[in-house]
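Working notes, structure below.
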Amino acid sequence: MEQDRREFLRGAATLTLGAAVLPAWSRAASPAVNDKIPPLIVREKEPQNLEFPFHVLSETIVPNDRFYVRNHFSMPKIELKAWRLRVEGAVKKAAEFDYDELRKMKSVTLPATLECAGNNRAFLVPKARGVAWQLGAVGNAEWTGVPLAAILERVGLRDAAVDIILEGADRGSVAAAGGPPGNISFARSLPIAKATRPEVILAYRMNGADLPAAHGFPLRAVVAGWYGMASIKWLRRIIVSDRPFNGYFQSLDYSYFEQRDGLAVTVPITEMQVKAQIARPRADETVPVKQPCRIHGAAWAGEADVTRVEVSVDGGKNWAPAKLLGNAASFCWRLWEFSWTPARAGRATLLARARDARRRTQPLERDPNRRNYMVSHCLPVEVDVK
Ligand SMILES: Nc1nc2c(c(=O)[nH]1)N[C@H]1C(S)=C(S)[C@@H](COP(=O)(O)O)O[C@H]1N2
Ligand SMILES: [Mo]
């Protein structure tokens, strides 16, 4: 990661010297030369839902203006002067923090991958409810802020505390989706065990710049290792709860089924699953016969490290190891590549499969208990060899 970081910073620093000599990703930081990199794909205009064009993946860090955006409601208008983070509930002393106060606290920088729990949903058959994300509701960035643990330490948890509820400033109605009447806030909870881990921070910077509005300015949670819905944007209130929180966005929404003792139980979505995605070739791309073709992509595994990516070029009959690129970094995706020289012309089905340090292997088949979320099975990419 250190190397990626240096590369990223070097790219940013040399930006003014001329775009031609720079790697593709650093050029993305400048709007003037952005045309070369495809913009975010609009999945929904209002609320804004934008997808990263995953096939252009080439660096570990996704620049801020190419990072996917997942909004449930209209973006809130926040006036920094009036904005406060309020911490209340089962605490020894409720408190409010303003922006300057937070920025004066000891900061940490955490590189982490965020993936929407609905990523890849567009490939589900039958068609699933929700935003039709293809491959790009995922990104990797460097987040800077204050550990949530430091804030909780300031206010002091009472013995009764069990759950930490994070609330965003955005509000809207989910009544049409079977939710409660009236407007509600986007909110999720973390158990204390996760909330106090070092990989859970309240971030005010993203890739070295102030957090962009679409990504939660002035302050967002980054819950590394968990699906994106836990990383509350436009954070305005933390409620320490003396009982498990059962809010809309972790019961009716963002939950899946677990079969226990022959009974289906709903469980809130938490950790990201192990997964590899192919960036190139893309589906239906034409690949020249008898010439080396670079199959490449990214792999991630939530709280665990990716240990292995394998590729199949015959629809899953045979597998061969891909090369993991760069260094492993906790909570971050890892780029990988595989060189393939197709022997004959025709249709070929490519697959990538990841394994992690917990010995989890990416499944080949979809588990219907996951409803319209956590799409982590291997997705076939069909190409034309000519
Ligand atoms: N306040 C608020 N926080 C939110 C959301 C939201 O709609 N409102 N969406 C969540 C979901 S589902 C995801 S995947 C991530 C996306 O973060 P990004 O838009 O910065 O990529 O933000 C999460 N935090
Ligand atoms: Mo999400």
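The values are calculated or read from the model by the stated rules, or taken from the named source; none is laboratory data. Just so it is clear, the structure is predicted and the values come from calculations on it, not from any experiment. Neighbour counts are summed over all protein chains in view; Cβ atoms, including those assigned to glycine, are modelled from backbone coordinates with ideal geometry.
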Just need a number here: residues in region 72-96 that are within 16 Å of ligand 2 (Cβ to nearest atom) and closer than 16 Å to Arg236 by Cα.
2
Residues of region 75-114 being part of a loop (DSSP other than H, G, I, E, B) and either under 24 Å from the mean Cα position of the chain (by Cα) or in contact (Cβ under 8 Å) with a residue 60 or more places away in the chain (or both), in sequence order, are Met75, Pro76, Lys77, Ile78, Leu80, Trp83, Arg84, Ala90, Lys92, Lys93, Ala94, Ser107
Considering only residues that are surrounded by fewer than 22 Cβ atoms within 10 Å (Cβ to Cβ), in a strand (DSSP E or B) and small (Gly, Ala, Ser), which ones fall in region 201-238?
Ala209
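For Arg171, indicate whether it is part of a strand (DSSP E or B) and either more than 19 Å from Ile238 (Cα to Cα) or free of Cβ contacts under 8 Å to residues at least 40 places away in the same chain (or both).
On the way: part of a strand (DSSP E or B): yes; either more than 19 Å from Ile238 (Cα to Cα) or free of Cβ contacts under 8 Å to residues at least 40 places away in the same chain (or both): no.
The answer is no for Arg171.
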Of (1) assigned to a strand (DSSP E or B); (2) surrounded by fewer than 19 Cβ atoms within 10 Å (Cβ to Cβ), Asn372 satisfies every one except (1)
Within region 101-122, take every residue that is of a type in the set (S, T, N, Q) and over 30 Å from Ala283 (Cα atoms) and give me the one that is farthest from ligand 2 (Cβ to nearest atom).
Ser107
List the pairs whose first member sits in region 115-132 and is without any contact (Cβ under 8 Å) to a residue 60 or more places away in the chain, whose second member is more than 12 Å from ligand 1 (Cβ to nearest atom) and of a type outside the set (A, V, I, L, M, F, W, C), and whose Cβ atoms are under 8 Å apart, counting only residues at least 6 apart or on separate chains?
Ala122/Gln134
When you check Trp143 against the structure, is it within 16 Å of ligand 2 (Cβ to nearest atom) and buried (at least 16 other Cβ atoms within 10 Å of the Cβ), yes or no?
no
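Would it be correct to say that Leu148 is of a type in the set (A, V, I, L, M, F, W, C), touching a residue at least 24 places away in the same chain (Cβ under 8 Å), more than 16 Å from ligand 1 (Cβ to nearest atom) and touching a Ser or Thr at 6+ places or on another chain (Cβ under 8 Å)?
Working: of a type in the set (A, V, I, L, M, F, W, C): yes; touching a residue at least 24 places away in the same chain (Cβ under 8 Å): yes; more than 16 Å from ligand 1 (Cβ to nearest atom): no; touching a Ser or Thr at 6+ places or on another chain (Cβ under 8 Å): yes.
So Leu148 fails the test.
Hey, can you tell me all the residues within region 174-184 that are part of a strand (DSSP E or B) and closer than 10 Å to Tyr248 by Cβ?
Quick first cut of region 174-184, residues part of a strand (DSSP E or B) only: 183-184.
Of everything in region 174-184, just one residue is part of a strand (DSSP E or B) and closer than 10 Å to Tyr248 by Cβ, namely Ile184.
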Whether any residue in region 250-258 is closer than 24 Å to Asp356 by Cβ and either among the β-branched types (Val, Ile, Thr) or more than 19 Å from the chain's Cα centre (by Cα) (or both) is what I want to check.
yes
So which strands (runs of 3 or more DSSP E) stay within region 239-308 end to end and still have 1 or more residues that are farther than 29 Å from Phe52 by Cα?
255-260, 263-268
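Each row is one residue, and each column tells you yes or no for (1) within 15 Å of ligand 2 (Cβ to nearest atom); (2) among the β-branched types (Val, Ile, Thr); (3) over 30 Å from Tyr99 (Cα atoms); (4) under 18 Å from the mean Cα position of the chain (by Cα).
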{"site": "Asn207", "(1), (2), (3), (4)": "no, no, no, yes"}
{"site": "Asp210", "(1), (2), (3), (4)": "no, no, no, no"}
{"site": "Arg260", "(1), (2), (3), (4)": "no, no, yes, no"}
{"site": "Val274", "(1), (2), (3), (4)": "no, yes, yes, yes"}
{"site": "Pro288", "(1), (2), (3), (4)": "no, no, yes, no"}
Return the only residue of Val155, Val162, Val174 being crowded, with 19+ Cβ neighbours inside 10 Å and either in contact with a Leu (Cβ under 7 Å, 6 or more places away or on another chain) or over 21 Å from Val222 (Cβ atoms) (or both).
Val174
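Is it the case that Leu324 is within 21 Å of the chain's Cα centre (by Cα), of a type in the set (A, V, I, L, M, F, W, C) and modelled with pLDDT of 95 or more? Walk me through it before giving the result.
Working: within 21 Å of the chain's Cα centre (by Cα): yes; of a type in the set (A, V, I, L, M, F, W, C): yes; modelled with pLDDT of 95 or more: yes.
Yes: the conditions hold for Leu324.
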Given (1) touching a residue at least 24 places away in the same chain (Cβ under 8 Å); (2) touching a Pro at 6+ places or on another chain (Cβ under 8 Å); (3) more than 29 Å from Ala150 (Cβ to Cβ), Gln250 misses just (3)
Asp242: acidic (Asp, Glu), without any contact (Cβ under 8 Å) to a residue 24 or more places away in the chain, surrounded by fewer than 22 Cβ atoms within 10 Å (Cβ to Cβ) and away from ligand 1 (no atom under 12 Å from the Cβ), yes or no?
no
Give the residues of region 262-299 that are surrounded by fewer than 19 Cβ atoms within 10 Å (Cβ to Cβ), closer than 30 Å to Asp384 by Cα and charged (D, E, K, R), sorted by residue number.
Arg282, Asp284, Glu285, Lys290, Arg294
Among the numbered conditions (1) farther than 30 Å from Asp242 by Cα; (2) crowded, with 20+ Cβ neighbours inside 10 Å, tell me where Leu110 comes up short.
(1)
